[in-house]
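*Asks:* Can you read through this structure? Questions will come right after.
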Amino acid sequence: MMNQFIFMLGCMGAPAASGEGNSRSSLIMFIPMILLLVVFYFIMIRPQKKKQAEEQKLRDSVQIGDDITTIGGITGKIVTVREDSIVIVTSSDKTKMEFKRWAIQTNDTANARAAEEKAALEAAKAQEKEEKKEGKRRTRKSEIDETKKEDKE
C-alpha cells in the first residue's frame, strides 16, 4: 500500500516529455481548485449576499410608526427616521433612544403585515380548492343522475 502511494507521488512530480503535456497537466491540476471555488460560491457566498441584500432592504424600508427590534434586543416604535440613524420610543414613559440603521434586526410591523397577507392568501387558496371540490361533487352527482335516467329509459 505504501509503495503504491510513493509511486503515485513520483508519477505526479515527474516532468512531462513535451511542453504541451506540461501545460495540460497544470490545467488538470487547477480544475479541482476551480470546481471547489464554484461550489463555495453557490453554497456559502451567494446565500450570504442574498441575506445581506434582504437585511439592507429591511433597513431602508423602515417608516415612522413601525415597531422594531434592535440587534441588542431593544424594542420600540420609530419616531424619527434620518439618513443613517433612527430614533425610537421604548417604553410607556416615552424614553427616546437613537440607533444607527445597521442596528435594526427586525421590523415587527412589516413582519406582522407579511404574516397577515400570507394567511389571507392561504385562506383564499383553501377556499378556491374547496369550491373546486364542490364543483366536482356536483358534476359527479349530475353525471350519476343522468346515467340513472338513461338506465330507467
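What follows is calculated from the coordinates using simple rules that are stated; it is not laboratory data. What you see is a predicted model; the values in this text were computed from it and never measured. Using ideal geometry, Cβ is built from the backbone for each residue, glycine included, and neighbour counts are taken over all protein chains shown.
*Asks:* Here's a check for you: in segment 62-108, which residue that is among the polar types (S, T, N, Q) and more than 22 Å from Q52 (Cβ to Cβ) is surrounded by the fewest Cβ atoms within 10 Å (Cβ to Cβ)?
*Replies:* Result: S92.
Residue by residue, here is whether (1) under 26 Å from the mean Cα position of the chain (by Cα); (2) in a helix (DSSP H, G or I) holds:
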residue	(1), (2)
V39	yes, yes
M44	yes, yes
Q56	yes, yes
V62	yes, no
G65	no, no
T69	yes, no
K77	no, no
I88	no, no
